[in-house]
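A.B. asks: Quick one: this structure, given as C-alpha cells, is what I'll be asking you about.
The values are calculated or read from the model by the stated rules, or taken from the named source; none is laboratory data. Bear in mind the structure is a predicted one, so any value in this text is a computation, not a measurement. Neighbour counts run over all protein chains shown; Cβ positions are idealised from the backbone, glycine included.
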Amino acid sequence: MSRTAILPLAALAAVLALAPACKGDDAKEQVVKITVTKNGYEPWRIEAKAGRPLTLVMTRVTDQTCATEIVIPDLGMNVPLPLNETVMVRVVPQKTGELRFSCGMKMFQGVIDVR
Ligand SMILES: [Cu+2]
C-alpha cells in the first residue's frame, strides 16, 4: 500500500477533530418535532442551544384535550395548533435555563432546556 493513500485519511481525521469548534455548525438551525397527543406535548422536554434559531414542528393529532395551542409566556407567544395541521413555531431562545411552554390553561406543560 502506498503512503499517499494514508495521508488523505489523516487529513480527514484532523478535520473531524476540529468539527465541534466549527463556526458553521453553531449557525445551524435546530429543528424539533413535537406531536400533541392525548398525553400532551410529545416530547414535553427538549434541549436547545442559546442564541440559535429553534423551530418546533408541531402537529396536534387529537381533539380530546384542551391543548389546542402552544403558549410560551416568556416570549409572549401564543400559537394556535389546528387539528392535524403542521405548524412551524420559530423561536430564538436567548437565555440559558428553562423556557416553559403550555396549553392555554397550563394543564399540559413542557420545557425547552436552553444551554
Ligand atoms: Cu389546557
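A.B. asks: Hey, does region 29-37 have a residue that's touching a residue at least 24 places away in the same chain (Cβ under 8 Å), part of a loop (DSSP other than H, G, I, E, B) and surrounded by fewer than 12 Cβ atoms within 10 Å (Cβ to Cβ)?
C.D. replies: Yes - at least one qualifying residue is present in region 29-37.
A.B. asks: Also: Under the condition of being in a loop (DSSP other than H, G, I, E, B) and within 21 Å of Glu29 (Cβ to Cβ), which residue from region 95-108 is farthest from the ligand (Cβ to nearest atom)?
C.D. replies: Of everything passing the filter in region 95-108, Thr96 is farthest from the ligand (Cβ to nearest atom).
A.B. asks: Here is a further query. Evaluate the following for Glu85: is it touching a strand residue (DSSP E or B) at 6+ places or on another chain (Cβ under 6 Å), charged (D, E, K, R) and modelled with pLDDT of 95 or more?
C.D. replies: Taking the combined requirement at face value, the residue does not satisfy it.
A.B. asks: Another question, if that's okay. Of all residues in region 64-85, which are away from the ligand (no atom under 14 Å from the Cβ) and over 19 Å from Ile112 (Cβ atoms)?
C.D. replies: Pro82, Leu83, Asn84, Glu85
One line per residue, one yes/no per condition, for (1) at positive phi; (2) part of a strand (DSSP E or B); (3) of a type outside the set (Lys, Arg); (4) surrounded by 12 or more Cβ atoms within 10 Å (Cβ to Cβ):
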| residue | (1), (2), (3), (4) |
| --- | --- |
| Arg52 | no, no, no, yes |
| Val57 | no, yes, yes, yes |
| Asp63 | no, no, yes, no |
| Ala67 | no, no, yes, yes |
| Ile70 | no, yes, yes, yes |
| Asp74 | no, no, yes, yes |
| Val79 | no, yes, yes, yes |
| Met88 | no, yes, yes, no |
| Pro93 | no, no, yes, yes |
